[in-house]
Structures are given as C-alpha cells and as structure tokens.
1. Return the residues of the range 250-266 that are open to solvent by 10 Å² or more (accessible area, probe 1.4 Å) and under 24 Å from residue 430 (Cα atoms); say none if nothing qualifies.
2. Identify, from the list 233, 247, the residue that is touching a helix residue (DSSP H, G or I) at 6+ places or on another chain (Cβ under 8 Å), in contact (Cβ under 8 Å) with a residue 24 or more places away in the chain and closer than 30 Å to residue 81 by Cα.
3. Look at residue 50 and say whether it is within 30 Å of residue 262 (Cα to Cα), more than 16 Å from the ligand (Cβ to nearest atom) and buried (at least 19 other Cβ atoms within 10 Å of the Cβ).
4. How many residues does the range 214-243 hold that are in contact with a Phe, Trp or Tyr (Cβ under 7 Å, 6 or more places away or on another chain) and more than 24 Å from residue 79 (Cβ to Cβ)?
5. Name the residue, out of 204, 247, that is open to solvent by less than 30 Å² (accessible area, probe 1.4 Å) and either part of a strand (DSSP E or B) or more than 24 Å from residue 169 (Cβ to Cβ) (or both).
6. Here are 34, 63: which of them is more than 16 Å from the ligand (Cβ to nearest atom) and either closer than 23 Å to residue 118 by Cα or of a type in the set (Ser, Thr, Tyr) (or both)?
7. Based on what the data block shows, is residue 230 farther than 24 Å from residue 323 by Cβ, aliphatic (A, V, I, L, M) and buried (at least 21 other Cβ atoms within 10 Å of the Cβ)?
8. Looking at this structure, is residue 56 in contact with a Leu (Cβ under 6 Å, 6 or more places away or on another chain), within 16 Å of the ligand (Cβ to nearest atom) and outside the structural domain of residue 395 (by TED's automatic domain parsing)?
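The values are calculated or read from the model by the stated rules, or taken from the named source; none is laboratory data. Owing to the predicted nature of the structure, the values given are computational and were not obtained by experimental measurement. Cβ coordinates were reconstructed from backbone atoms using ideal geometry, including for glycine residues, and neighbour counts include every protein chain displayed. Only protein heavy atoms, including side chains, enter the accessible area calculation; ligands, DNA and RNA are left aside. Shrake-Rupley method; radii C 1.70, N 1.55, O 1.52, S 1.80 Å.
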Amino acid sequence: MSKNFVLIDKKIKDYNKKIYVDGDKSLSIRWALLASQAIGISTAKNLLKSEDVQNTLNCLKKLGIKVIQKQNICSISGRGLNGFIFKKNIILNAGNSGTLGRLILSLLIKSPYKIKIVGDKSLSKRDFSRVIEPLKNIGVNFYPANKSKLPIFIKGSNYLRPIKYIENKGSAQCKTCVMLASLNVPGKIKIKAKSSRNHTENMFKALKIPIKTKKIFNYDFITLSKPKLIKKFDFNIPGDISSASFFIVLTVLSNNSKIILKNININATRIGLIKILNMMGAKIKFKNAKIINGEKCSDIEVKSVKKLKSIRCPTYLNSAAIDEFMIIFLVAAKANGISYFKDLSELNQKESPRLKIAARVLKNMGVKLRYDDNSIKIYGNPNLELKKKIVIKDFLKDHRIFMMSVISALSFGGEWKIYDPISVKTSFPSFFKKIREIGGIIK
Ligand code: S3P
C-alpha cells in the first residue's frame, strides 16, 4: 500500500468464514529473547513476522546471536545465559515496541560497555522509569541519570543483587523485566504483581527455570532463582487474540455473520475482551481447546448479535483486555444503555494516548461520551449508523487505533479516510488480506 491513507465507504456485507490470524506478538518476542539465552538452536513455527518482532531479531543479531528465518520457521542459536557478544558503541533500536525496549534491558544487565537503546517517535514518548527503577535497585547503571525516556544508555554490573519488587499497574512488561533479570542475578528475587499476562511464567516453567507462583485475589506472588542454564526449546506460536479481537468485534457488530478464528491463544490472562463482550450479550465460544507449549489455544466461534447490553466494566478485567479496549468501546457505542470503564490510565501509556485518541475517534463518529484521564462513559445507541465523512489522522501511527478505525468504518458506515495504513505492520501485517478474505472493501 503506497498511499498514506485508506478510504472506506461501504459497510461489510454478511459473511460466514474461517480464518487464521498472525502469530502472537507477546509470545514471539518472549520466545526470541529467551531462545537467545538458551544453549543450542531453538526453533519457532509461525513466529509473527511483524516490525516489533523483526526489531527483536535485529537487536539479538547486533548482540552476536545467529538468527535464521526460513518460510515459517525461525531458528535462533542461543549462546547461553549472558552469552551475548558485547562490544563498544552498540545501538539497539526497539522501533515502536515497548515490550522489546523494556524487556531487552534485563538481558543487558551484565554488559561491560554502555549500550544505547533508541526507539521511534512513539516509543521515545513512553515511560521507561517503570523498568529503570527496579533494574537500578538490582545494581544496573543507566545514563543520563534520572532520564525516564529513550534514548538511554544501560551499563551492566558484576555486583547484582536480588530484590523484592511490587508491581501495581498490572503491567506484564514491568513484571517480565524483573523476571528476565533473575536469569543473571544471584539469590532469590521476589515479585508481588497485580495480575497480568503470564506468558513469561509459563515459559519459565516449561524451561524448568526455578520459579514458584501463587495467586492471591488479583495479585501474583512469584519467587525466582537463577537457573544454571536454559536448554534450547522449540515453540509453536498460536494466533494472537489481540489481532483476532478486531474480527471478533466486527462480527459481533455485523447483522448476520459468523466467523471461526483458528488456533488462537486463549490464555486466561488474555481473554478479557471475550469475557466483557459475553457480559454485553455476545455468545463467543471456544472450540477444540488444547494446550500447546504450556499455553491454552482454541478456535473461537463468533456470531452476530441482535441486542447488546451496556456494561459497568469490572476493573479486574482491565489487564486481560488492555490492548482491546478501543474496540470494546465500539461495542459499547452500539449497546443499549450507558457503559462505564474506569481505572484505565494505563491506556494513555501505550503506543499513543489511547484513551484520549479513542475518545476522539468516537466523538468524530458522533458518539456521546464523557471521559477523563482514567475513565470513559459511553452512551450507546443500538441504531448507530454513520452517514458523514470522518478523517482519522495524527495518532502517532498507532497500529491499534488504525485497525479500530477500519473496524468502525466497516461496521457503522460513513465515508472514512484513515491515515497511516503502514502501521498494521507493527503487530498484524496480514490485516488487510484478512479483511479482504471476509469481503471488506478498503481502497
Ligand atoms: C505486553 C504487555 C502489555 C501490552 C503490550 C504487550 C507484553 O503492556 O499492552 O501490548 O507482551 O508483555 P503493559 O505491560 O505495559 O501493560
């Protein structure tokens, strides 16, 4: 797509389809980072081929790791714990990825040289103090002192110490950052973390890294000790529920359609959107569930819904739906009644200030709402039908804002001009292909 915008002026017609979506981003990045620390050649099938993952592989290559990508298989020749080849003047580019930018720091905590971490315009606006602080407590050095945004320099230390860490945001990136640090820190690291996606815990268990986990209400208590080594491991990456969610919402909002999304990761810490939509009257079902590499996967069956109810969204679901709220808001816009979502300040810490920008998109659509930095109230209209022209631009090329806008255009009609289609490459490169597969027309 060479233009820097797309035009959509037709609602999608009814469909009945089965599709696959691209591989899970969180699992792809975690597999690559951990494979680099294993001994021997690890392989991943269906690794996500997106910019965030490509940047992960590029960073690993700069650190002396051999990576081979052939068709649907990626292999990484790990050099063992702290086995990177550290050189002077290395610059690592995390691009748009908060997950990569934050997690890679933990693998550099013994680097004898300063390493510079840079990112794109969006990532350079995001807060890194949330991972710098715990790593400093472990004994890692950051320059310039007190800087909380990229670009920053990290330099490791040979005098690392274990910490007790409390994570209160429900951020899997913060939790994982400290977990990955434990691979190179002597003694026991203890974490109390507000529940969030637990892929790292699952991988650690599968890799026999010493880890104990206990869940008490909405908190996970995790104890970690340094492993002697990590053996090479192969991984089969299932479809990404965050990518599947665009099609779930499109189908829920359509008149008489059905979709089956094949082989999606349905880890309980990721399916907030499904729980929320089912509370709103959707009937989304899991079929053929199985465990693959310690992760629950299944097909997801979705049908259109005639009546949608509003919701006062329980905050314990926030972390499990954190990347999906913008499309949940679209469902709220069509539900009968007023929906309310709160404790969502973390949304404004993402690739763009998503609560603010999603509210702007909804306002452009004519949806009545109230919002502040932390919450949003949406006045639903079951007959929502757009006739007007809508332009969506200036959203820091946030992939999920772009895809939300496409789903809204295909669901509610109107004449949409949406900028920065290239953004889908961050997380879901086959997005347009999949939309066309089910009959959506994007010019
Ligand atoms: C991710 C965690 C979430 C999520 C991001 C991916 C991960 O971020 O928004 O897209 O893979 O750990 P936070 O940990 O900042 O909530």
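1. Pass one, the range 250-266, residues open to solvent by 10 Å² or more (accessible area, probe 1.4 Å): 254-256, 258, 260, 262-263.
Across the range 250-266, the qualifying residues are 254, 258, 260, 262, 263.
2. 233
3. No, not satisfied.
4. 4
5. 247
6. 63
7. It is true that residue 230 is farther than 24 Å from residue 323 by Cβ, aliphatic (A, V, I, L, M) and buried (at least 21 other Cβ atoms within 10 Å of the Cβ).
8. yes
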